[in-house]
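Everything on this sheet refers to the single structure shown next.
The values are calculated or read from the model by the stated rules, or taken from the named source; none is laboratory data. Owing to the predicted nature of the structure, the values given are computational and were not obtained by experimental measurement.
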Amino acid sequence: MLARWLEAGFTEDAFWSVADPQDDKRTYAKTSFADAEIWRRHVPNPRGLLRLAANPLMLTMLYQVGAFEGELPRNRGDLFARLVDRLLKQTEDATLLEGNDEIRFRHQQRVGRDRFAAARRSSQYES
């Protein structure tokens, strides 16, 4: 979406800060109504994932969570919570290789909680 706006003459700063795509008449004339509607739905939303993806670190975090879990988080808080869980799981998985029974048991508990949470999240999206 940003690439299309840049080709039409918008600056990157204007893309993120303009109140409405129609504010720049020259650029607006070179983009479609559908482009403007997509912008209106996603860019102004301060809690939207598009805002997070504008930051390289946040984009990397979104990729890490999305690639591992197969779905994107709903907001920034969900992103941080799921990334921390993922990092903890990686640490526990590495420790399991060392054969520690107590950590193996905690890992099994976490896997059960993760499956329950994933089932709950998917049922929320279906409602």
From the list ALA34, ALA67, which one is more than 11 Å from the chain's Cα centre (by Cα) and modelled with pLDDT of 75 or more? ALA34
Count, please, the residues in segment 12-31 that happen to be in a loop (DSSP other than H, G, I, E, B) and modelled with pLDDT under 75. 3
For segment 32-91, enumerate the residues that are among the β-branched types (Val, Ile, Thr) and in a helix (DSSP H, G or I). ILE38, THR60, VAL65, VAL84, THR91
